[in-house]
Amino acid sequence: MIHRLLVANRGEIAVRIIRTCKKLGIESVAVYSEADADALHVHLADQAVCIGKAPASKSYLNQENIISAAIGTNCEAIHPGFGFLSEDASFAALVESCGLTFIGPRSSVIESMGDKSRAKQLMKEANVPLVPGSSGEVSLEEGKQLAEDIGYPILIKASAGGGGRGMRIVKRRDQFEQQFDAAKQEAQAAFSSDGVYIEKFVENPRHIEVQVLGDKYGNAVHVGTRDCSIQRRNQKVLEEAPANIDASLEAQMYEASLNAVKAVGYENAGTIEYIVSDDAFYFIEMNTRIQVEHPISEMISGIDLIEEQLRIASGEAIRHTQEDITFNGHAIELRINAEDPKQDFRPSPGTIGLLHIPQGLGIRFDSPVYPGYQVPPHYDSMIGKLIAHGYSRDDAIAKLRAALEELIVSGVTTNQFFHMMILMNPSFIKGNVSTAYIENQLEALLDYET
């Protein structure tokens, strides 16, 4: 087992990783920017190293400083968490070249799955269903012809990235050239590569993903499905596990996901993401890291996914057979952000005043905040994840509503009431959701008083 681990991240995921380290007796080393000197992960870790100024480019994205911190504190491994450098193949390769263990897949796998065109080809070879589209990057003229062949609407997507950047929906022929150029420019700015590819745009699908684990011995298991359809501008807002889908379709998704893991020789925790429309599912991408929404899979399975990551990276075989993994009840996660939904979700940094975290059977709050903590303006606005586990979906919703009513975070504006409106919305209660849910329901969801 790893003895000393550097956590190359901040916020709640850094706290989450450190807590599992404590459970396993692993010494943890935190890194922090000048803006995060008083952050909770800094206080919880056994050691902490300042790696630069507040901007992420000068700290949490500074590969040289992070590697220096790891070597200088005699760490054996680096956990990248999610975001920042977690899916940067060059960083994983640098970690490997320095004789350190990267908590995640090999750099070559990250590179293959990070290139969306290459990933699609690998999935095609593994018999994973794909959305009709280009087999790789396309030029303007190739894109125009392919759009005619597969039919509008179509989706232009950056080859080198995700998160909604470098993505454009084109509904008519006369919009194509302008949107193609815009997608390329945004892709270049975000990922230093302007390559794009084209897919058929599936309107109002559900976004379903499968949590997977793979090890160096060729073993692979899944840890169930998650429904991540509640999104805003391609960013997830609320997630559920398991996804409410037909058992036959679920079995097909599990088979495809495990085929994908084995096809790329995947090691560690990862997620295969799909869009689902009617009785068909199509591969979107493979996330080669732990996901923000991993707690709901933990809640229904009883498996500590961070622990599994550390054990696999230490050379252990997966401790669970597929038959051993069973699922109990339903879990839902809300991303609590310091933002104002009524001001176009504008970030709301500030100092936490009164903080009351709800307690109760099946309630979990993953967060780095405490009274007096200053939410910095430099990073993502998520300040916590409120999670409820119930014996059924209705029970989980009821628990989550009660927890939201009890949650108090003063000093900053949050999206707490926006979440309550989702949980009370008849369409959500019935499970009638898609990736267009928030867009279609936005007026009703913003009709609340604080």
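The table that follows gives values for the structure above.
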item: Backbone HN-Hα couplings from phi across region 246-254 [Karplus 6.51/-1.76/1.60, Hz, Gly and Pro as x]; result: 4, 4, 5, 5, 4, 4, 5, 5, 4
item: Leading residue at positive end of dipole, region 4-103 (Cβ point charges), from 61, 82, 98; result: 82
item: Among 274, 266, 217, residue whose mean-square fluctuation peaks in a GNM of the chain (springs only between Cα atoms under 10 Å); result: 217
item: Listed residues 216, 236, 342, most fluctuating in the chain (Gaussian network, C-alpha, under 10 Å); result: 342
item: Estimated dipole of region 325-448 in Debye, rounded to 20 [Cβ of Lys and Arg +1, of Asp and Glu -1, Cα centre]; result: 240 debye
item: Distance in nm between pseudo-label sites at residue 328 and residue 255 (7 Å out along the Cβ direction from Cα); result: 3.0 nm
item: Under the Karplus curve 6.51 cos²θ - 1.76 cosθ + 1.60, θ = phi - 60°, whole-Hz ³J(HN,Hα) for region 340-354, x wherever Gly or Pro sits; result: 10, x, 7, 10, 6, 6, 5, x, 10, x, x, 9, 5, x, 6
item: Computed magnitude of the charge dipole of the chain (debye, nearest 20; Cβ of K, R +1, Cβ of D, E -1); result: 440 debye
item: Among 344-356, 87-99, the order from most to least packed when residues are scored by Cβ within 10 Å on average; result: 87-99, 344-356
item: Rg ratio (alpha-carbon, reference 2.2 N^0.38 Å) - the chain; result: 0.95
item: Cα lying deepest toward the dipole's positive end in region 206-445, options 276, 291, 303, charges on Cβ; result: 291
item: Long-range amide H partners of residue 54 with built H, under 5 Å; result: 34, 35
item: Whichever lysines have a C-alpha closer than 30 Å to that of residue 184, once near sequence neighbours (fewer than 8 apart) are set aside; result: 58, 116, 120, 124, 144, 157, 171, 200, 236
item: Cβ-based exposure ranking for 79, 3, in which fewest neighbours within 10 Å come first; result: 3, 79
item: Residue of 166, 270, 151 that the Gaussian network model of the chain assigns the largest fluctuation, springs spanning Cα pairs under 10 Å; result: 151
item: Using distinct alpha-carbon pairs, which all enter the 1/r mean, Kirkwood radius of region 132-200 in Å; result: 11.4 Å
item: Proxy reagent accessibility, fewest Cβ within 10 Å first, across 279, 366; result: 279, 366
item: 5 angstrom amide H check on residue 130, placed H, neighbours 5+ away; result: 283
item: Centre separation in Å (Cα based) which lies between region 138-168 and region 10-71; result: 38 Å
item: Theoretical ellipticity at 222 nm over the chain - DSSP helices of four or more residues, -39500 (n - 2.57) apiece, nearest 500; result: -10000 deg cm²/dmol
item: Reciprocal of mean inverse Cα separation for region 264-394 (Kirkwood radius, Å); result: 17.6 Å
item: Using θ = phi - 60° and Karplus 6.51 cos²θ - 1.76 cosθ + 1.60, couplings along region 300-312 (whole Hz; Gly, Pro as x); result: 8, 10, x, 9, 7, 5, 5, 4, 4, 4, 5, 5, 4
item: Region 4-103, dipole about Cα centre (Lys/Arg Cβ +1, Asp/Glu Cβ -1), debye to the nearest 20; result: 240 debye
item: Three-way shape label, region 176-224, alpha-carbon gyration tensor, a/c 1.5; result: oblate
item: Neighbour-count order for 447, 36, fewest beta carbons within 10 angstrom listed first; result: 447, 36
item: For residue 196, residues with placed amide H under 5 Å, excluding near neighbours; result: 138, 159
item: Inter-centroid distance (Cα atoms) of region 277-324 relative to region 360-408, Å; result: 22 Å
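FYI, it's all coordinate maths here, none of it is from the lab. The model shown is predicted, which means the values in this text are computed figures rather than measured ones. Neighbour counts are summed over all protein chains in view; Cβ atoms, including those assigned to glycine, are modelled from backbone coordinates with ideal geometry.
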